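To start, the structure itself, in C-alpha cells.
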Amino acid sequence: MSPAPRRRSVLLATAAVTAAATAPAGAATPVRHRASGPLVIGHRGAAGWRPEHTADAYTYAVRAGADWIEPDLVPTKDHVLVVRHENEIGGTTDVAGRPEFADRRTTRTVDGRAVTGWFTEDFHLRELRTLRTVERLPLVRNRNTVFDGRGRVMTFQEVIDLARRLSGESGRRIAVFPETKHPTYFRSIGLPLEEELIRVIRRNRLTARECVVQSFEPSSLHRIAAARLGLPLWQALGTSGSPYGHAVTYRDMMSPAGLREIASYAQWIGPDKSSLVPPHTLLADAHAAGLKVGAYTFRAENQYLPAAHRRGTAPNDFGDAFAEYAFHYGQGVDAVVTDFPDIAVQAREGLRG
C-alpha cells in the first residue's frame, strides 16, 4: 500500500477550491492537469460542498480536479431527461412550499416500495424550471443549506453543455457519467429512459472519452449496448439483494462467473467500497475478468468512514478521509466516486510523494 499522504486541515485545503467554484466563469484558476492514478468522479457534482446535481456542484467538482461528473437521470412528464437523485423531489427542491403544486403530492410505488411526495414524471419541464434546489441532507451538510434556493433543476443536455464548457476552461476532457434511475419503473409508465438517453448521446455525438453510462439494472445496460454507441458501460452493484426486476443477486454478479457475464456487455463494475475490503477478492477477480473497478461512495463524515478512520464521536464531523483513500488507491482501484473530489484529488497527488 502507498504511504498515506501528508494531512492538512480539510477546510484549509479546500479554501482555494471554494473561492474558485464561487467565482464568475473564467475568473477562477481551475486544476489544469490530469494526474496519473485512479479517476476521480464527482458524485452528483461535489455533493459534500454544494447541493447535489446543481451547476455549482458540478463546477466545483471539475475545478477541484474531478475527471468525470455524475448526473442521475429521471424523466419529466414531457419525457425530458433531468438530473435528480430520485424522481421524488420533495427533499431536493422547494416544491413542498409551493402552493400551486400542492395537488401534485401523491403516493407512487417505485421499485416495489411506496413513496409519497412530488415526482418529476408529474411535471412538465417548464414547471420544474420554476422550482429551486435545496440541500438533500441538511442535518449532515448544514453548511450546504446556505445555497438553498440558488440553483434550479438541470436537464441532462445542460450538464453536457456545462461539461464541455468546463473542459475548455480546465484544458482537460471532462466526461459525463449518467446513471439510469429506476429504468424498469419508468418503462412501466411509458417514459423509458434508454431511448431518450440514446437520442441525447447521438445528438451530441458523445464519444467514449466524454460519456460512460451506468445502471444498477443489467437490462438497462443491455438496451444501451444494443444501440452500439461505442461508449463504455458501468454495471453498478449493490451490497445485498438483486437489481430490481432481475432474478440474479448482486452476490452472484460479484462471483467470478458473474463477473465474466458482466464483461460480455460492460467495461466497468461499480461496487460499494466495503465490497473491496479483504477478505473480499472482488477487485482481483474483476481485474482478472478484464473489468475496471470504480468504488462508491467516498465521503469525509465520520458516519461514512470505517471505524478506524473516525475522529471523535460526532457522526457529521470529518474523520481521516485521506487514510481511506490511501487504502483503496493502494489496493489498485481504477476510480473512486466521491462527494469530496477535492480531497480525493489531493489524496491521489499523495501517491506521487
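Taking amide hydrogens as placed 1.01 Å from N in the peptide plane, the amide H of PHE123 sits under 5 Å from those of LYS77, each at least 5 positions away in sequence or on another chain. Rounded to the nearest Hz, the phi-derived 3J(HN,Hα) couplings of segment 237-242 under the Karplus curve 6.51 cos²θ - 1.76 cosθ + 1.60 (θ = phi - 60°) are 10, x, 8, 7, x, 9, where x marks glycine and proline. Separation of segment 210-264 from segment 277-350 is 22 Å, based on Cα centroids.
Using a Gaussian network model of the chain in which every pair of alpha carbons under 10 angstrom is joined by a spring, one finds that among ALA61, ALA114, ALA225 the greatest mean-square fluctuation is at ALA114. Note that the chain presents 41 Å² accessible area per residue, ligands and nucleic acids not counted, probe 1.4 Å. In order along segment 210-226, phi translates into HN-Hα couplings of 10, 8, 10, 9, 10, 6, 7, 9, x, 4, 5, 5, 4, 5, 5, 4, 5 Hz, rounded to whole numbers, per the Karplus curve 6.51 cos²θ - 1.76 cosθ + 1.60 with θ = phi - 60° and x for Gly and Pro. How many percent of the accessible area of segment 272-320 is carbon or sulfur, using a 1.4 Å probe? Using a 1.4 Å probe with all protein chains present, segment 272-320 comes out at 54 percent carbon and sulfur. When both bridge partners sit in segment 143-297, DSSP labels roughly 0% of those beta bridges antiparallel. Each other residue within a Cβ distance under 14 Å of LEU276 adds +1 if Lys or Arg and -1 if Asp or Glu, for a net charge of -2. The aspartates and glutamates within cross-link reach of LYS77, meaning a Cα-to-Cα straight distance under 16 Å and a gap of 8 or more places when in the same chain, are GLU86, GLU88, ASP103, GLU121, ASP122, GLU127, GLU194, GLU195, GLU196. Taking packing as the residue-averaged number of other Cβ atoms within 10 angstrom, the listed peptides 74-86, 131-143, 240-252 run from highest to lowest as 74-86, 131-143, 240-252.
Within a Cβ distance under 9 Å of TYR244, other residues only, what is the Lys/Arg minus Asp/Glu net charge? That sum, taken over residues with Cβ under 9 Å, equals -2.
A cut-off under 15 angstrom between Cβ atoms defines the neighbours of PHE119, and their net charge, with Lys, Arg +1 and Asp, Glu -1, is -1. Around the amide H of ILE89, modelled in the peptide plane, lie the amide H atoms of TRP118, PHE119, THR120, all under 5 Å away and 5 or more residues distant in sequence or on another chain.
Across segment 85-94, coupling constants 3J(HN,Hα) worked out from phi with the 6.51/-1.76/1.60 Karplus curve, θ = phi - 60°, read 4, 9, 6, 7, 10, x, x, 10, 9, 8 Hz, and Gly and Pro carry x. The alpha-carbon of LYS273 sits under 30 angstrom from the alpha-carbons of these lysines, leaving out residues fewer than 8 places away in its chain: LYS181, LYS292. By DSSP, the beta bridges lying fully in the chain are antiparallel in about 30 percent of cases.
Which value in deg cm²/dmol, rounded to the nearest 500, describes the helix-derived mean residue ellipticity at 222 nm for the chain, given -39,500 (n - 2.57) per DSSP H run of n ≥ 4 and division by the residue count?
So the calculated ellipticity at 222 nm is -8000 deg cm²/dmol.
The values are calculated or read from the model by the stated rules, or taken from the named source; none is laboratory data. Small disclaimer: the values here were computed from a predicted structure and weren't measured. Virtual Cβ from ideal backbone geometry, glycine too; neighbours counted across all protein chains shown. Note: areas computed on protein heavy atoms with side chains; ligands, DNA, RNA excluded. Shrake-Rupley method; radii C 1.70, N 1.55, O 1.52, S 1.80 Å.
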